[in-house]
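See structure below.
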Amino acid sequence: MIEKSVLIHEIDSLPPRYYGEVIDFVGYIKEKKAKKLLILEKAAEMAAGEYLSNKELTAFCAIDGENFYETR
């Protein structure tokens with residue numbers, strides 16, 4: 001991964017006519033990240049609903065924290 005200081009130096013070395021393209025690209029990346037987070041949020045909501053309503057998914061909650069085997 002490129003270091004922030006190197007990235008800033010590279011952007012600073014660009015001719016000013018490219019600044020608009022850099023800003024557009026950063027905006028595109030932010031939008032893509034926001035869409036991904038929204039998809040993940042919706043998936044988590046769906047999974048939570050399924051977990052709360054589907055007893056097959058919660059069948060093993062009663063043994064959470066219990067040892068499955070004993071060491072001798």
Checklist entry - Under 26 Å from the Cα of LYS30, which lysines turn up, not counting those fewer than eight places away in the same chain? => result LYS4, LYS42
Next on the checklist: Once ligands and nucleic acids are excluded and a 1.4 Å probe is used, how much of GLU3 is accessible, expressed in Å² to the nearest 10?
Outcome noted: 120
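The values are calculated or read from the model by the stated rules, or taken from the named source; none is laboratory data. If you're wondering where the values come from, they're calculated on a predicted model, not measured in any experiment. Accessible surface areas use protein heavy atoms only, side chains included; no ligands, DNA or RNA. Shrake-Rupley method; radii C 1.70, N 1.55, O 1.52, S 1.80 Å.
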